[in-house]
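Taking it in order: structure first as structure tokens, then the write-up.
The values are calculated or read from the model by the stated rules, or taken from the named source; none is laboratory data. The structure presented is a predicted model; accordingly, all values stated were derived computationally and were not measured. Here the Cβ positions follow ideal geometry from the backbone for every residue, glycine too, while neighbour counts run over all protein chains shown. Remember, those area values only see protein heavy atoms, side chains included, never the ligands or the DNA or RNA. Shrake-Rupley method; radii C 1.70, N 1.55, O 1.52, S 1.80 Å.
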Amino acid sequence: MPGEAARLLVRFGRRYAAAVRLATLVPICAIALFRAPPEHLTSTAYVVGVAAAWTCGYAWWLRAGRGNAPVALDVIVLLGLFMSVFWTGAVEDRNTGWLRLLVTFACVTCQWHTPALAGGAAALVAGGGAVATLVVAGALDADSTLVTGTMWAIPAAALSRAAWVLVQRAAGRADRMAAEAARARGESLVAAAVRTEEREHANSLHDTAATTLLMVGIGQVQSDADWLAPQARRDLDRLRSDSRRAPQYADLVDLLRADFAVTHLTVEFDAPAQVRLPFDVARGIADAAREALTNVRRHAGTTRATVRLRGDERTLCLDITDQGKGFSPMDVPATRRGIRESVRGRMDRVGGTATITSAEGEGTLVRLEWRAGHD
């Protein structure tokens with residue numbers, strides 16, 4: 001199946017052939033009339049009129065039609081026009097040049113919109129028929145250059161076909177390169193989607209089951225704590241939900257409240273009644289906020305936090321603050337994914353930003369900001 005470049009080339013070939021036939025029509029007709037002697041002017045004018053009408057009709061078909069059947073009719077009409085030398089005195093008057101130009105341009109432009117076999121046959125029949133007509137009309141006796149000049153229509157057509165083949169091959173190469181680029185882009189997009197999904201699964205695992213197990217492992221939580229089993233079930237449910245089909249929209253306020261229930265912190269929450277966002281955005285912001293609260297529970301040395309949400313469906317700002325022991329953000333190792341992936345990374349992927357302000361002994365402020373149209 002031809003590619004875009006090949007299809008455009010076919011359309012260009014037809015339109016350019018029509019343009020060349022029309023552009024050369026006026027000077028060709030003028031040559032015929034100016035060189036015709038008075039006694040043959042009327043008959044020559046009739047032939048010129050037929051040639052002009054046919055060329056205009058053929059050019060219209062080239063721009064609007066399909067198939068190659070009219071090409072055969074074009075050859076027949078051209079040969080019929082050439083036979084006018086028998087009653088217009090064109091050979092005796094040496095006024096065959098306009099007919100030669102008419103046939104030559106037809107043979108040359110035919111190569112731009114026909115298969116090689118059809119184009120070659122049309123050139124051979126039209127050019128060869130024109131030469132034979134001149135020979136029968138006595139052109140060899142009158143002036144042999146009339147015949148030899150007409151013969152050049154066939155080599156001109158061959159050169160035109162050769163050039164057109166080179167252009168077609170270039171179009172084919174362009175299509176193959178475009179197809180290869182499209183395939184590479186598709187593979188890149190698939191690979192990026194796979195990496196994104198793997199990263200989200202890793203983040204979900206880090207924020208849920210891995211964190212719970214780590215807290216038990218380092219002794220922050222007793223293995224017989226009443227809330228541990230329900231928390232493990234919620235972690236598993238969250239991991240399973242990542243593979244389900246998500247709704248189109250979600251209420252960020254509801255998602256935040258649901259996450260507060262599992263942080264085991266006393267959270268002061270100040271927010272509008274509802275902030276409805278695209279699900280991926282709402283889930284990303286809520287997950288980043290949950291990770292920030294998890295860090296409060298694990299590292300801040302306090303059981304209290306404040307969450308304030310301001311804004312609406314177009315722009316919002318979510319602040320998570322605590323009065324814990326604080327830390328130096330510059331001292332956090334690059335290998336730690338909590339802030340890098342679960343907070344900043346998530347906000348980056350939904351088109352938002354995360355700013356963390358903290359210092360030793362001064363608590364921590366995590367500010368999550370998002371604006372519609374920036375994702």
Please find, among Asp280, Asp254, the residue that is more than 17 Å from Ile356 (Cβ to Cβ), assigned to a helix (DSSP H, G or I), open to solvent by 70 Å² or more (accessible area, probe 1.4 Å) and modelled with pLDDT of 90 or more. Asp254
On the basis of being buried (at least 17 other Cβ atoms within 10 Å of the Cβ) and within 23 Å of Ser160 (Cβ to Cβ), does Phe12 make the cut? no
Tell me which residues, restricted to the range 76-102, are of a type in the set (A, V, I, L, M, F, W, C), part of a loop (DSSP other than H, G, I, E, B) and either touching a His at 6+ places or on another chain (Cβ under 8 Å) or farther than 22 Å from Leu124 by Cβ (or both). Ala90, Val91
Given the condition surrounded by 14 or more Cβ atoms within 10 Å (Cβ to Cβ), touching a Lys or Arg at 6+ places or on another chain (Cβ under 9 Å), at pLDDT below 95 and hydrophobic (A, V, I, L, M, F, W, C), answer yes or no: does some residue in the range 68-77 qualify? no
Of the listed residues (Val71, Val48), the one being closer than 30 Å to Leu9 by Cα and either in contact (Cβ under 8 Å) with a residue 12 or more places away in the chain or among the aliphatic types (A, V, I, L, M) (or both) is Val71
Considering Ala359, Ala354, which residue is farther than 19 Å from Arg257 by Cβ, of a type in the set (A, V, I, L, M, F, W, C), touching a residue at least 12 places away in the same chain (Cβ under 8 Å) and loosely packed, with under 13 Cβ neighbours inside 10 Å? Ala359
Only one of (1) in contact with a strand residue (DSSP E or B) (Cβ under 9 Å, 6 or more places away or on another chain); (2) part of a loop (DSSP other than H, G, I, E, B); (3) not hydrophobic (A, V, I, L, M, F, W, C) does not apply to Arg308, and that is (2)
For the range 309-331, enumerate the residues that are under 16 Å from Gly363 (Cα atoms) and open to solvent by 50 Å² or more (accessible area, probe 1.4 Å). Gln323, Lys325, Phe327, Met330, Asp331
Residue check for Ala178: at pLDDT 90 or above and surrounded by 11 or more Cβ atoms within 10 Å (Cβ to Cβ): no
Checking the structure you have, find out if any residue of the range 106-129 is closer than 20 Å to Ala45 by Cα and touching a Phe, Trp or Tyr at 6+ places or on another chain (Cβ under 8 Å). no
Output the number of the condition that Leu62 fails; it satisfies all remaining conditions of (1) within 23 Å of Val147 (Cβ to Cβ); (2) open to solvent by less than 30 Å² (accessible area, probe 1.4 Å). (1)
